[in-house]
Amino acid sequence: MIRWKGCVGMLAIDAEIEKINRQMTAKGYKLTVQREITLRVLLENEQDHLSAEEVFMLVKARYPEIGLATVYRTLELLTELHIVEKMNFGDGSARFDLRSEDHQHMHHHLICHTCGALKEIKDDWLLELEERLEREYGFHVTDHRLDFTGHFRHCRNKECKRQNKAVSATA
């Protein structure tokens with residue numbers, strides 16, 4: 001297993017890598033060096049919801065021999081295995097978000113139209129709705145994802161640092 005010096009939460013990342021390795025092995029896949037580095041990049045940048053190109057650039061900085069196609073194939077495999085979720089937040093790029101074994105369903109997101117900020121909601125607010133769907137329609141929900149789009153208070157109040165930076169950079 002590859003270990004990177006200076007990583008915050010390296011033990012937690014190593015533990016996650018080991019869990020994912022077990023998942024992959026159980027489904028007949030090996031955790032190759034390329035896959036492990038890709039996973040590390042995703043884990044270390046978990047809050048950033050990286051695009052495939054961003055993942056590739058970060059992986060390539062550590063493993064210069066890797067090709068873009070290998071990273072794409074790895075991300076697709078991780079998506080098929082439900083280790084990551086391929087997301088679209090309306091910015092024209094597919095983004096990748098790690099799934100959590102701690103939660104039965106994918107977490108939800110708040111997406112700000114003003115500054116593009118994205119906040120995750122880990123709580124599952126839809127369990128009551130799922131039970132009602134089962135009861136009234138005989139429909140068993142196996143997964144769901146909910147994205148709320150709008151504007152954070154500080155952006156509505158013109159106090160958005162990200163928006164102000166974007167405006168000042170073009171002014």
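Treating r as the C-beta distance of Thr25 and Ser93 and R0 as 25 Å, the FRET efficiency rounds to 0.20. Listed by chain and number, the aspartates and glutamates placed with their C-alpha closer than 18 angstrom to that of Lys27 are Glu16, Glu18, Glu36, Glu76, Glu80, Glu85, Glu101; residues fewer than eight positions away on the same chain are left out.
Of the residues Leu43, Phe56, Gln23, the one whose Cα sits farthest toward the positive end of the charge dipole of the range 10-64, with +1 on the Cβ of Lys and Arg and -1 on the Cβ of Asp and Glu, is Gln23. Per the Debye calculation on the range 12-160 with a single equal scatterer at every Cα and no solvent contribution, log₁₀ I(q)/I(0) for q = 0.12 Å⁻¹ amounts to -0.60. Exceedance of the 26 Å cut-off in Cα-Cα distance is limited, within the set Lys122/Lys158; Lys19/Lys60; Lys119/Lys158, to Lys122/Lys158.
Taken together, the values in this text are just the output of simple stated rules run on the coordinates, not laboratory data. This structure is a prediction, so every number in the text was calculated from the model and none was measured. FYI the Cβ positions are ideal-geometry reconstructions off the backbone, even for glycines, and counts take in every protein chain you see.
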